[in-house]
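Read the structure below first, then the notes.
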Amino acid sequence: MTVSRKPLSTERVLQAALSLADKGGTDTLTMRAIGQALGVEAMSLYKHVANKDAILDGIVDLVVAEIALPDPADAWKTAMRRRGVSAHEVLLRHKWACALLMARPNVGPAMLRYVESTLETLRGAGFSVKQADYAWNAMDSHIYGFTLQRVNSPFEADQYAEAAETYVPRLPPGEFPRLTELAEHVMDGRYDGVPPITFGLDLILDGLERTIT
């Protein structure tokens, strides 16, 4: 085992755990694996992190810290749109994180700043406390669901045309004209299965704007 030359710290442990999770998911996060990545014995990690739950909480907060906060200088819809796009892009880089964000309470410093800035933007736009809560959750439901759809898609963008060519001949002639029409669009090779995240996000933002009282 290579001896670690840098002193251990909570930050180093979490960064090593983040790297492992990005490569193999959170199931790979054992103290032994993290220790090997750092070149130390697993027991030495406990001086810096209490347990695996603390590691999961820590690396989720590292991911959230990568998301762009709403810019107070922007109009609220612009700020929230950028926030949504940034969150989607970050969660695609860390494919394990989306499910973990939905499954665990998150109260790390980055998450607290993220939520506070989001609520401040919405309250500043004229949303009531209740409306701001609903608006934030509506946007995040779309962001998380859309991201999970992309992460778990069985096809890459260039595979949709091939799949359509395989399954369209199995459709009874004339029985599913709209599916056939869509399949022909898919087979031109430019279809990647889902619209950009901004399609749904803009619909939500436009709808939320009408609820401001």
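Every number in this text was worked out from the coordinates using simple rules, so none of it is lab data. None of the values given here were measured: they were computed from a predicted structure. Neighbour counts are summed over all protein chains in view; Cβ atoms, including those assigned to glycine, are modelled from backbone coordinates with ideal geometry.
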At 20 °C and 1.002 mPa s, what whole-number value in µm²/s does Stokes-Einstein give for the translational diffusion of the chain, with Rh from the Kirkwood sum over Cα pairs?
107 µm²/s
Estimated distance in nm for a label pair at residue 120 and residue 41, the labels positioned 7 Å out from Cα along Cα-to-Cβ
4.6 nm
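Which whole-number percent of Cα pairs in segment 61-131 have a distance greater than 18 Å?
Working: 985 of 2485 pairs.
The proportion of pairs with Cα distances above 18 Å equals 40 percent.
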